1. Could you provide, to the nearest whole Å², the per residue accessible area of region 71-153 with probe 1.4 Å?
2. Principal axis extents for region 78-153, Cα atoms only, whole Å, descending order, please.
3. From the Cα gyration tensor of region 57-119, with a ≥ b ≥ c the square roots of its eigenvalues, which class applies: rounded if a/c is under 1.5, or else prolate if a/b is larger than b/c, or else oblate?
4. Using the Karplus equation 6.51 cos²θ - 1.76 cosθ + 1.60 (θ = phi - 60°), what ³J(HN,Hα) coupling, rounded to whole Hz, does each residue of region 98-105 give in order, writing x for Gly and Pro?
5. Which whole-number percent of Cα pairs in region 113-153 have a distance greater than 13 Å?
6. Quick one: pull the percent of accessible area on the chain belonging to carbon and sulfur, 1.4 Å probe, ligands and nucleic acids left out.
7. Pull out a ≥ b ≥ c, the square roots of the eigenvalues of the alpha-carbon gyration tensor of region 1-137, then state rounded if a/c is under 1.5, prolate if not and a/b is larger than b/c, and oblate in the remaining case.
8. Once you keep just the Cα pairs under 8 angstrom separated by 6 or more residues, what percentage relative contact order results for region 59-148?
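The values are calculated or read from the model by the stated rules, or taken from the named source; none is laboratory data. All figures in this text were calculated on a predicted structure; none of them were measured in a lab. With ideal geometry, Cβ positions are generated from the backbone for all residues, glycine too; neighbour counts draw on all protein chains shown. When the accessible area is computed, the model is the full protein with side chains, heavy atoms only, and any ligands, DNA or RNA have been set aside. Shrake-Rupley method; radii C 1.70, N 1.55, O 1.52, S 1.80 Å.
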Amino acid sequence: MERTLVLIKPDAVQRGLVGEIISRFEKKGLKLVGLKMMTLDEAVLREHYAHLADKPFFEGLSNFMKSSPVIALCLEGLEAVDAVRLVTGITKAREADGGTIRGDFAMSVSCNVVHASDSRESAEKEVPRFFNPDEIHEYFKSEYVHVYAEDER
Ligand code: UDP
Ligand code: MG
């Protein structure tokens, strides 16, 4: 099973959407294997958003991401990276499909309530960026019997 990183961003924390967002992922059938509240610093944001460092919006993005704590989630499932991106919706939230988290809860390109790893390669770097190995929990989830067919488990 694949693992991916989600950050519930400061706008969602401020707007009281944390439970609702976690619930969306749970209801999809994704398994929560890591969860913590963190206040991000400049160093981790420079690394996390390195691909955007030369963009004019970088400083604003960085200030936004430091403006209050975030909730980091590690989610596990079959092809979890793509599944989580689908549930998340596109970056420009006001154009995101209804039914997605961004489509249902946000209007902004910047304040778009969640971050989700965009590829397997990104997820493999991003999960250890935010979680120590002992913060990832391996356990049997009985629900898998119903979430997946036998040959998918
Ligand atoms: N972002 C922004 N302005 C832009 C593009 C992106 O503020 O024009 C922010 C936004 O919060 C976005 C994050 O930078 O979620 C990372 O951008 P990316 O292109 O990786 O989008 P994502 O993978 O989050 O959909
Ligand atoms: Mg991205």
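1. Ligands and nucleic acids excluded, the figure is 57 Å² per residue.
2. Here the spans come out as 37, 30, 19 Å, largest first.
3. oblate
4. x, x, 8, 5, 5, x, 8, 10
5. Result: 68 percent of Cα pairs exceed 13 Å.
6. Whole-percent figure for carbon plus sulfur exposure: 50.
7. rounded
8. Working: 73 pairs, mean separation 19.0, N = 90.
In percent, rounded to a whole number, it is 21.
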